[in-house]
Amino acid sequence: MDPDPPIDLPPPAQAGLPPEPPDVQPSVPAPPAQPNPAPAPLAPTQQVWQAPPAFGGEPRPVRKALIITLVIVLLAAIGAGATWWIAKRHHATAKPASTAQATPTKTAAKPAGLVLNTSQNYGNKYANGLLPVGDGRYNASKATKGFVYTCSGYTQNLTASNGQGGAGTRGPWFTNNNTQYDSTKKAHVQGNVMWQASFTNTVSGSTRTIATNDLPAHPTGIFPIAQADPAYAYDRNPNSIASQTLTYALNAQPQYGQPNCMGGEVGVMLTGVALFNAFDAGGRDAGAWEVQDSCDGHPQKDGEYHYHTLSSCIKDTSVQTVIGFALDGFPITGPKVAANSILTTDDLDECHGLTSQILLDGKPVTMYHYVMTQDFPYSVSCFRSTASAPPGQQSGQQSGQQATPQSSQQAAQPSSQQPATSPRIPY
């Protein structure tokens, strides 16, 4: 009988078991035991995708959702960065435009003309009351400091009068060959008459409207001047003070420009009183010749009480204080900068003004304005803007005023103008 065939057993490396000795054919040696082979290392890509920690062992749908989330976050970050870059670029581009817009504002705020030097002590040149006489100091061709720039028609009126004004006799207060007068020795009309004043000052849009009955808020002398009054020896003013109906329609936003000629009227004061220029009807210095009351006013032939000079009854004469308005709309202030620092004609421009900070309608503002001084020509000597017509007169006909090339170049006049009537002549 043939022996049984040998039984094939798996190699130890495949079965993972220790070899057993054969029980048949011992003469055939068994194959030697083989050690377990080391597993082959995985490729890097296999490690990434097969390593469970990368996704926490999550199922495939969860991993897909995480990938989508990461993509969304990445896109949001890119969008935010782009938005920041665009905003930064726009801001950098906008800066020059902002600077360019600021430049016109600075230019517009530049002071016009002569500017007050607040650190300068202007002194008190006329503290002794001795003032220069300004007879005949008018110029019909151009504006000149210390002269009144008169329009041609008004100039003809002054010339035709042959120097005959209100006062008939030169007073003893004239001195130094009549080139000066001592204001401390000048006579005043006697009396202490009180009046029922009516005055309003309103601004609407570009128009300032001042309405007054021309009766002052302070006392006046007795007019006509009585024969018993010492002033009668020099000035026999026969006129009486009478209530007026005066409405001034002024430019509330005047623009500084070239000088314009003027007639006999300057503007209106906040005392409610009309302001005339430096001359009497004969072209003489009204402050030197005519005898006014203790508040430096008197009436003309129509009973209109008025000033030619700075009234002593206006107590606040600071250069910051508005005490009246010229016919062109610019304010009028006093001359006092500080104690013993008083502006004079020498300190002002050819129209008797300058630029400084003033209190206008309750608000501080830096602008051009006229200044009333102790010395001739006392107040406005030409207009820096287009003047409105005085009450009762047509524009361009102020005491014979003629239109000039300078005035035609100025801004448009306020719309409310009065019909033409005969001009009011100073006494």
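Numbers at a glance
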read-out: Subset of the range 364-418 [hydroxyl-bearing (Ser, Thr, Tyr), modelled with pLDDT under 95 and buried (at least 20 other Cβ atoms within 10 Å of the Cβ)]; value: 399, 407
read-out: Matching entry among 249, 187, 231 (being of a type outside the set (S, T, N, Q), modelled with pLDDT of 95 or more and over 18 Å from residue 291 (Cα atoms)); value: 249
read-out: Tabulated pairs, the range 314-341, first without any contact (Cβ under 8 Å) to a residue 60 or more places away in the chain, second basic (Lys, Arg), C-beta under 8 angstrom, 6+ apart or interchain; value: 317/336; 318/336
read-out: Selection status of residue 174, crowded, with 18+ Cβ neighbours inside 10 Å and at negative phi; value: no
read-out: Filter result for residue 156 (out of contact with any strand residue (DSSP E or B) (no Cβ under 9 Å at 6 or more places or on another chain) and touching a residue at least 12 places away in the same chain (Cβ under 8 Å)); value: yes
read-out: Qualifying residue in the range 318-333 (condition: more than 29 Å from the chain's Cα centre (by Cα) and either in a loop (DSSP other than H, G, I, E, B) or over 20 Å from residue 350 (Cα atoms) (or both)); value: no
read-out: Unmet requirement for residue 218, which otherwise passes all of (1) touching a strand residue (DSSP E or B) at 6+ places or on another chain (Cβ under 8 Å); (2) touching a residue at least 60 places away in the same chain (Cβ under 8 Å); (3) over 20 Å from residue 280 (Cα atoms); value: (1)
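So that you can scan it fast, the table gives a plain yes or no per residue for (1) within 30 Å of residue 162 (Cβ to Cβ); (2) not charged (D, E, K, R):
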position	(1), (2)
312	no, yes
321	no, yes
340	no, yes
346	no, no
381	yes, yes
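The values are calculated or read from the model by the stated rules, or taken from the named source; none is laboratory data. Predicted model, so just to flag it, every value in this text is computed and none were measured. Using ideal geometry, Cβ is built from the backbone for each residue, glycine included, and neighbour counts are taken over all protein chains shown.
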